[in-house]
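Chemist: Please find one structure pasted underneath; my questions will follow.
The values are calculated or read from the model by the stated rules, or taken from the named source; none is laboratory data. Nothing here was measured: the structure is a model prediction, and the numbers come from that model. Cβ placement follows ideal geometry from the backbone for every residue including glycine, while neighbour counts extend to all protein chains displayed. Areas reflect the complete protein model, heavy atoms only, side chains present, ligands, DNA and RNA absent. Shrake-Rupley method; radii C 1.70, N 1.55, O 1.52, S 1.80 Å.
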Amino acid sequence: MRVNVRTKAFENAVNGVKGVATVTLGESFAVRNISIVESKAGNLFMSMPSYKMKELDENGKAQFKDIAYPITRDFRERLQESILQSYESGEDVSFEV
């Protein structure tokens, strides 16, 4: 199956979010709003779309649950690598699984 990645960089980062990605799986299913986030250490990583849960954690902080996410470590690494490559180059990226 072909996986296509398209990113959009933001001009002004908000809360470390530098851009978003849309991933299309086999021209049949799309996942939007995968965030491209810059950590406090300056590294970029992907953050899957999520929602805020009603329950708080043991420290009273909000909890978030991913809506869509990679199942295997291998696919997660390939997906993140492709998203960051697309973000840095400004071009769409594809790979096969």
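Chemist: Please work out which residue is most open to solvent (accessible area, probe 1.4 Å), limiting yourself to segment 40-56 and to residues that are without any contact (Cβ under 8 Å) to a residue 24 or more places away in the chain and aliphatic (A, V, I, L, M).
Modeler: By that ranking, first place goes to Leu56.
Chemist: May I pose another question? Could you run through segment 17-39 and say how many residues are open to solvent by 50 Å² or more (accessible area, probe 1.4 Å) and either without any contact (Cβ under 8 Å) to a residue 24 or more places away in the chain or under 15 Å from Ser82 (Cα atoms) (or both)?
Modeler: Of the residues in segment 17-39, 5 are open to solvent by 50 Å² or more (accessible area, probe 1.4 Å) and either without any contact (Cβ under 8 Å) to a residue 24 or more places away in the chain or under 15 Å from Ser82 (Cα atoms) (or both).
Chemist: With (1) open to solvent by 100 Å² or more (accessible area, probe 1.4 Å); (2) in a strand (DSSP E or B); (3) modelled with pLDDT of 95 or more as the list, and Glu11 as the residue in question, which single condition is left unmet?
Modeler: In the conditions (1) open to solvent by 100 Å² or more (accessible area, probe 1.4 Å); (2) in a strand (DSSP E or B); (3) modelled with pLDDT of 95 or more, Glu11 misses (3) alone.
Chemist: In this structure, does Glu91 turn out to be charged (D, E, K, R) and in contact (Cβ under 8 Å) with a residue 60 or more places away in the chain?
Modeler: For Glu91, the condition - charged (D, E, K, R) and in contact (Cβ under 8 Å) with a residue 60 or more places away in the chain - is not met.
Chemist: Answer yes or no as to whether Lys65 is on the phi < 0 side of the Ramachandran plot, open to solvent by 80 Å² or more (accessible area, probe 1.4 Å) and either touching a Lys or Arg at 6+ places or on another chain (Cβ under 7 Å) or not in a loop (DSSP other than H, G, I, E, B) (or both).
Modeler: yes
Chemist: Taking Thr22, is it part of a strand (DSSP E or B) and touching a Gly at 6+ places or on another chain (Cβ under 9 Å)?
Modeler: Here the answer is no, as Thr22 does not meet what is asked.
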